Amino acid sequence: MSIPETIILALIAAAASVAAAAAGRGYTRRSKQLEAETARLAAEREREAARLAAEEARWTRLEADVERLAAEVQALRQENEALRREHAAERAARGDAEDTIRDHEELIEDLLVHLIVRQDWEDSGSAPPPPVLSWRILAALRKRRAAMTGPIPTAHDQTTPTSQED
């Protein structure tokens with residue numbers, strides 16, 4: 001039995017069209033998969049770009065915060081240094097005031113001792129010896145007279161052995 005040629009050609013053509021349709025369907029399916037994969041990758045790239053932009057904005061904010069905080073730290077350090085200098089000046093002034101008060105207390109004590117000794121001499125009926133003032137009293141007198149008139153010339157009394165030299 002022989003199959004006519006036209007039938008064979010028709011069968012071959014039908015098989016070829018079935019194969020082409022199957023291949024086309026596979027190609028179409030693969031093409032759709034590739035398009036879906038491409039769309040997924042594009043969406044992922046967009047998400048990654050958005051995340052990267054957000055991270056860049058965050059880094060920029062953090063760098064600005066670091067600069068702002070560094071400026072604040074520098075300002076606080078300068079303020080601390082100014083306060084430290086101010087406190088040192090206040091401590092020095094307080095120390096000077098305490099020294100002045102102590103000097104005045106010692107001067108008053110020396111003056112009281114001098115006056116008590118002089119009063120004892122006068123109460124006993126004898127003439128008091130020439131005044132021998134302590135160095136604090138002499139310095140205070142010199143300072144007071146210098147403020148009122150000018151410097152006091154220092155004269156040494158060579159006749160009495162109890163006079164103090166300046």
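Can you give the extra length, in nm with one decimal, that the chain gains between GLU86 and MET148 once fully stretched, where that is 0.36 nm per residue apart less the Cα-Cα distance?
On the way: separation 62, 0.36 × 62 = 22.32 nm, distance 3.37 nm.
Gain on stretching GLU86 to MET148: 18.9 nm.
What ratio of Cα Rg to 2.2 N^0.38 Å holds for segment 25-112?
Details: Rg = 37.1 Å, N = 88, 2.2 N^0.38 = 12.1 Å.
Output field value: 3.08.
Comparing ALA54, ALA10, HIS114 along the charge dipole axis of segment 1-124, the residue lying farthest to the positive side is ALA10, per the Cβ-charge model.
In this simple spin-label approximation, TRP135 and GLU44 carry label points 7 Å from Cα along the Cα→Cβ vector, and these lie 9.4 nm apart. What is the local net charge at GLU72, summed over the other residues whose Cβ is closer than 13 Å to its Cβ (Lys, Arg +1; Asp, Glu -1)? Net of charged neighbours comes to -1. Neighbour counting of Cβ atoms within 10 Å sorts the residues SER31, SER134, fewest neighbours leading, into SER31, SER134.
Give, in nm to one decimal, the length gained when the segment between ALA15 and ALA71 is fully stretched (0.36 nm per residue of separation minus the Cα-Cα distance).
12.0 nm
Applying 1/(1 + (r/R0)^6) with r as the Cβ-Cβ distance of ARG94 and GLU55 and R0 = 35 angstrom yields a FRET efficiency of 0.05.
Rule-based calculations on the coordinates, nothing more; no lab input. Fair warning: this is a prediction, and the values are worked out from it, not measured in the lab. No Cβ is skipped: glycine too gets one built from the backbone with ideal geometry, and neighbour counts run over all protein chains shown.
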